[in-house]
Amino acid sequence: MKLLAISGSARAASTNTALLQALGKVSPQDVDIEVVHDLHLLPVFSPDLEGVKTPPKVRDFIAKIEQADGVIISSPEYVHAIPGGLKNAIDWLVSGEAIIDKPVALIHGSHRGDDMLASLRLVLGTVTSGFHQQIFQQFPLISMSPEEVRETLGQPENTDLMRAFIAEFTAAISKPLSQ
């Protein structure tokens, strides 16, 4: 199974990116997790640039969404909201088919961020019928360096939580929609 893990952070030393990378390291052998952490390179969404005018970087991003069996998002909260880069990436997906039924789950690298999570849940519930709001895991990683994130998430109890998150999400993806 192929999962796309999207970091909503533009920061090079992002705890969210480090969380997604750690998730990839503990995933089972039959689950490939590709981490995307360069949303800041996507141009600002414009309906005038859709279709044949879609920039190559955006086409590549959309193709990754299409090729994935599911999407995991981890994002910080910026001023009580979804970071602009993540919202922009979602905006690029809205008028196409790539996200419509795509299974999506959230994982969060902070004990804060409830406003952003509420907004992101609203947006994802609107753009995809495959949003699994109940599949969620949170880790208190705020203000940690990527090295500290790896150390913290390497503790057995956190590794178990990450593996359980992956297992729950992949099981939901594999379950037929009628069940």
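The values are calculated or read from the model by the stated rules, or taken from the named source; none is laboratory data. Everything quoted here is computed from the prediction, not taken from an experiment. Here the Cβ is made from the backbone with ideal geometry for all residues, glycine too, and neighbour counts use every protein chain on show.
Some observations on this one:
- Residue in the stretch 139-155 that is at pLDDT below 95, surrounded by 15 or more Cβ atoms within 10 Å (Cβ to Cβ) and in a strand (DSSP E or B) present: no
- Condition check for Val127: touching a Gly at 6+ places or on another chain (Cβ under 8 Å), surrounded by 12 or more Cβ atoms within 10 Å (Cβ to Cβ) and free of Cβ contacts under 8 Å to residues at least 40 places away in the same chain: no
- Members of the stretch 22-72 that are in a loop (DSSP other than H, G, I, E, B), surrounded by 11 or more Cβ atoms within 10 Å (Cβ to Cβ) and among the acidic types (Asp, Glu): Asp38, Glu50, Asp69
- Complete set of residues in the stretch 43-72 that are closer than 27 Å to Gln137 by Cβ and without any contact (Cβ under 8 Å) to a residue 12 or more places away in the chain: none
- Pairing residues of the stretch 73-89 that are surrounded by 20 or more Cβ atoms within 10 Å (Cβ to Cβ) with residues that are assigned to a strand (DSSP E or B), at Cβ distances under 6 Å and at least 6 apart in sequence or on separate chains, gives Ile73/Ile6; Ile73/Leu106; Ser74/Ser7; Ser74/Ile107.
- Hey, Lys87 assigned to a helix (DSSP H, G or I), farther than 24 Å from Gln134 by Cβ and either touching a Leu at 6+ places or on another chain (Cβ under 8 Å) or modelled with pLDDT of 95 or more (or both) or not: no
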